1. Quick one: among A:85, A:94, A:333, which has the greatest mean-square fluctuation in a GNM of chain A with alpha-carbon springs under 10 angstrom?
2. Percent relative contact order of chain B, based on C-alpha pairs within less than 8 angstrom and at least six residues apart?
3. Could you give the radius of gyration (one decimal) and Dmax (whole number) of the Cα atoms in the range A:160-290, in Å?
4. What do you get for the angle between helix B:317-342 and the principal long axis of chain B? Use alpha-carbon atoms, 0 to 90 degrees, nearest ten.
5. Binning at 10 angstrom from zero up to the longest distance, how are the C-alpha pair distances of the range B:39-152 distributed in percent?
6. Using just the alpha carbons, could you tell me how many Å³ per residue the convex hull of the range B:305-353 encloses?
7. Quick one: label points 7 angstrom along Cα→Cβ at residue B:233, distances to the other copies in nm, smallest first?
8. For chain C, modelled as a Gaussian network with Cα springs under 10 Å, which listed residue fluctuates most, C:340, C:328, C:232?
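We did not get these values from a lab; they are worked out from the coordinates using the rules stated. Remember, predicted model here, so these are calculated numbers, not experimental data. Note that each Cβ is placed from the backbone with ideal geometry, even for glycine, and that neighbours are counted across all protein chains shown.
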């Protein structure tokens, strides 16, 4: 969804069509053109510290494992045996053990996917072509991304040239809370909901005590047609420092350089990768969305603190999670209500609020490009 | 399904084809040609007494609300916001409050559907074209019907010229019992079952103590090809007055004129609207059927008594419900058994009993006309 | 799937394609070309001893009953009424009573399917053409098979010319244990799993104490291209006599001639009928597999002992069942893991182990013939 900035581009003035929210064919095309093509967030590098450590990533009908090899690199491997196709690793994360072993017939693969042994095969059997198939993997600010594209896409850093989280030193963070929930709504409804704050004033009273819930969209964004939006100044209210219930830090061990901790908050909304990152000085917060069907979306929240922060001493998990959890619950209800409404054959895409739903317009424009609709 | 009476019309001699009972394409066409086109029963007017009162009606993929406006009329409005499409009213019935408000972004509509306010939209935003979309509503004998047709169909009274329930004064009744259940069978199996009493003798012993379960069909009907069947004389047995376990009244406050209560029972079977109405002097009984899928049907039973009848004083709800509930359970089992049987690829439509399954023949004939199969 | 033995036939060297495991269209074609065409095991004749006894058989969208007629023959009848299509017999097995009666409108059929009475039909109604539709039935070694083919296929005995279970006198056995379970995997994964022991060594420790789990496939089979595999010598370990936890008999009343009980075990794997039969001297063991959807398969296990064996005196059910139950559970897990793996769009059929997966090669070859893929 990379596009050239241009003053002549016409932004969409109304929302997605009904079929975009309910058609299985369109979902399959979205899988092909968006989810199997772009970089998708998988894990923090601290979850893949030692050789043999793996994290599983299931998306778009595929199961991929990211493994730390003996030489210290990361490899993304399709999670099925090249013999009868049995799934290799069934846990979400952990260690492969001494090798990646298929428990069906005992075939064994190295961490980099090469077939090491295939017991009792016929004498003329050649192991070489039967290694595990691989996908692409990239690391950015300590965050691991996978792409299922045929060709390796430009790196995450190339895709997000000015999304600067350097001060927060996220590569030295660790995961404090991970949370998954399912919303009965199309993923685009969920993504649009997360990108606009037009709905905040009457739906998020707790957020409204910490941040400005009437901020507009366009003014803070660096480009009308970028495939992401990066804000250096998150609109915290006076005296507020982070997204917690009272706006105060809930981790004593701050992110970044101890002598010069990050100031304010930064915010990234990456449309192509359905990836949202917010970083305050005490904790960073990732939100990603995965379609399970036309009307079901899995939401994943990851909260990170400094790697050295000790739970219940330096930070309490509920303290950094509470506001996010509450807002997530409120938003989920709104998204599900929207999915129920757009089911009508008489539904017509309504007008965008061009002041407050700027991010939705930006997203819909990029989506139409990615889907070949422009 | 209105047709001209004609002696040359050939009635079908055998039942529906297998595909009529299992094909999703045929169900979609039935939705278009029957359920979204004809008048469908929604509520009794007493449930919409004051301005702002509403009843929700979900059918054929649509959600519609019927609202009493400030000027006292009824309006049928599609239940989604014209901004992002969120569903507006989630309860089955109740009061809208001071306006119909979308809780997503705060857009507010009058009871007649006009957009009254859209907070913080861009300055040049014109509210006029963004009112709620409307459907058609009609009232007949105090019963509220909705149609989702593009053009307003002829009124219910015009469709049922001689279905006379005047004596029962149903507009002065109220709902005493409302009951919904789901049957695992195609809606046409359920409708045919309700229209014939060939199966009664061996399946409804309780009914058989109150009414003649060997009555034939054709003789009591006023027309071979009408799209409804109206009987002025329901075949009660000697000494029986209503459809209760012992055939005696279970509401002391009778329907109609207190000085001249209705005599006997009247019965309406309206094929086009999948609507059945039986009225005795003590209570009236509505049955409607709504397809949920090719093999699932929601049944709704509504029992009405006089508006002034006081529960547990003038009537007991179980007393007027019991026989209907028992017969409904027996019929549901028969319908589900039929659905299981017609799943066979070797199923061929069987012969109609032209004496006792007259109503099925009449229905199938009208159905074939409505579906363009004749 | 009958083929001519020929030395020039090329056996497949790799497994089924991804679409073979997930496509509903292919499943429908398998139903047509395999499951509705071939003989499918239904019951043991002892379950159909008296006139009116029936066993119900549901497969491939059809429900068929096998009934013992008054003249002592077996008839296979489609289980729906020829009037409105209602299912006739809802139990799995039992006695029809004095006739096969439809409880909807009271139509009554003889055990051979003829319509005996249709109460209160119009005077000119002719019962003759409204008998129940029939399928084909055959008996082999006391086992009852049904075929839904249009034409009666060659008998089971003709299809299995040298599968000799005579010594075991299975027609004088009875069912001791019947067990059904559902596996979340395509039926071909389940069938291939049952036909090879390449996976046994690392997955079936209990089996490995009784039989050789490293036996190869081809050497024991009589023909490379037969549609079944019959082994006269099941590879029991020294001192082992049957498939129980310790390899010792668990029924004192042995099968066959009491003066000369069967020696060793016999094994049949019949690809076309998805039917497996193992017979030891103390008990015989049937396994059949029925697709419920592309990714769900019902497994049925039937354990038989001599008709005169008395439970808890001559045999204990758990004793003859335990090893089979344990192995079934282990195999089910492997099959489900394989189904999960082959879902990847990158899955390519892997190579067969031509020594140990001979049976899979044989099956895939016959399958391709049956499906018109060769």
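1. Top of the fluctuation ranking is A:85.
2. About 22 percent, as a whole number.
3. 14.9, 45
4. With both axes taken from Cα atoms, the answer is about 80 degrees.
5. Result, from short to long distances: 15, 48, 29, 7, 1 percent.
6. Spelled out: Cα convex hull of the range B:305-353, divided by residues, is 119 Å³.
7. Inter-copy label distances (nm, one decimal, shortest first): 8.9, 8.9.
8. C:340
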